[in-house]
1. Could you give the length gained by full extension between V236 and L250, i.e. 0.36 nm per residue of separation minus their alpha carbon distance, to one decimal place?
2. Can you give the FRET efficiency to the nearest 0.05 for H437 and A359, using r as the Cβ-Cβ distance and R₀ = 41 Å?
3. Filter the GluC sites (Glu not before Pro) in region 361-452 to those in DSSP coil with at most 15 other Cβ atoms within 10 Å of their Cβ, and list the result.
4. Going through region 310-370, which chymotrypsin sites (Phe, Trp or Tyr not before Pro) have at most 13 other Cβ atoms within 10 Å and a DSSP loop state?
5. Taking the dipole about the Cα centre of region 235-288, with the C-beta of Lys and Arg at +1 and of Asp and Glu at -1, give me whichever of S259, Q273, L238 is farthest to the positive side.
6. For a quick size check, give me the Cα extents of region 288-438 along its three principal axes, largest first, whole Å.
7. Keeping every protein chain in place, order T63, T224, T199 by accessible area at 1.4 Å, biggest value first, i.e. largest first.
8. Longer than 23 Å from Cα to Cα, which of K335/K360; K307/K335; K360/K448 are they? Say none if no pair is.
Amino acid sequence: MTTPSHPPRILLKILSGVHVGAEVELGLGEYPIGRDEACELVLLDRDIAPRHAILTLAEGTATLRALDGQLTGQTTPTDPITVIWFQVFSLGSVHLVLGPANAPWPPLSAIDLTPLSALPDSPPQKTVEPAAEILPATLPESPPPVVPVLASHSWHPYWLRGLIGLLLLAVLVQFVWPLFYAPLVPPAPSGTHANKTATTPLDRLRERLTSQGWQDLRLDTRITPPALLGYVPRLVDLQTLKRMLEETGLRITNRVTASEALVETAAAVLRSQGHSLKVAGQGPGRIVVTGITEQPEELTRDLAALKQDLSALREIENRTEVRQDPVRILSQWIKAAGLTQIELVHFADRILARGQPDAKARQIFEELATRYAKAFPNLPLLAEFPPFPKPPKSALPGIIGVMMGSHRFLLTDDNRSLGEGQILAPGVVIEQIAFDHVILAANGERQKLLIPTPPQRD
């Protein structure tokens, strides 16, 4: 009988035995059948040999050859048997059937069990008993089908399967073993190479800090006690870090700064210095200053001082725009110097300073005017202050000399010679005359006037 040409996929159905009801799609190739797990098609029935037979699916043919078992209808163990589509064949007590996977199948029963035919060049085959005597007209009701052990192992031998199993076991041990085992006392370091599996309180602290997502922290263990340096984003993170250090019980110096607090502190300092600017964070230890300033020199100086005062501040980026108003800046300078006696009048081509400042205030104003001339040479500053009033002339005449002798006289600049007891000026009487001083009485009070001694000649 001629076997029809094979379609790309072939369906094998099991009609009896342990695996009754099972189906598997097969391609072209050889499929050892038996109880041995190394077989491509594993049948666990008792009368199936370890390597019972081998099923060969080629282009246009399907043959079955016995290995360690017996085939129904086989006369010689080495004879291959032809398998025809939709006709039942047997391996021991297991009945099977082949057919195209995509073609419609006819109803199957025990009467479909027919003898297998040998290939044309094989010896004549012995007549097989009718199928009706082997199986009943309809298959008996069986318990729920057992899932067959049908697998394809041609792509990997035993040693490769064992290697894959060992790799999976190693991966499982690596990830599961630490969950159930932790050494109570870490082994001590040996020589210069410490045991990497040992954990210390500092190591556990580093792990907790890393788990919080704080990437800008550094634990300096070169000093005693160790110091924790760096930055955290928010003030609430700083409080969390403080509690975490207290829970460890370690003596660690906390030098961590919150970037949020750093920005607020820098903004407050600049406001106190008269700068109306915006301060924002630009990463750990960095701030950026934006806005409009009328005092670029003062701002540069104040930013340098701010960076020096705040040790946690590593970098300040100045993005301010300069817009200078000479009158406003000069007014701020005068106000800061306390020159309340001076007012400024702004004209199109000059600034005029008016008032009645004293000598000290005028000296301070002259210093500010010099500073202003360097900053704003295009708008001159002029001062309009009245002259200082002359001091009132003294009512006493000037004493130009003293005559000593039996009688002592004062020589005045109005050509008078006055002795003791005489009147020097209205209400002023000369009480005593000496060679270097004179004692006067005025309004009931005594005053001593010193007379310069002329230099002696060599």
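The values are calculated or read from the model by the stated rules, or taken from the named source; none is laboratory data. The structure displayed is predicted, hence computed values, not measured ones. Neighbour counts are summed over all protein chains in view; Cβ atoms, including those assigned to glycine, are modelled from backbone coordinates with ideal geometry. Heads up: the accessible areas ignore ligands, DNA and RNA and are worked out on the full protein's heavy atoms, side chains in. Shrake-Rupley method; radii C 1.70, N 1.55, O 1.52, S 1.80 Å.
1. 2.9 nm
2. 0.85
3. Qualifying residues, ordered by number: E420.
4. F347
5. Of the options given, the answer is Q273.
6. Sorted largest first, the three principal extents are 90, 45, 23 Å.
7. On the way: T63 30, T224 135, T199 60 Å².
Output order, biggest surface exposure first: T224, T199, T63.
8. Table pairs above 23 Å Cα-Cα are K307/K335; K360/K448.
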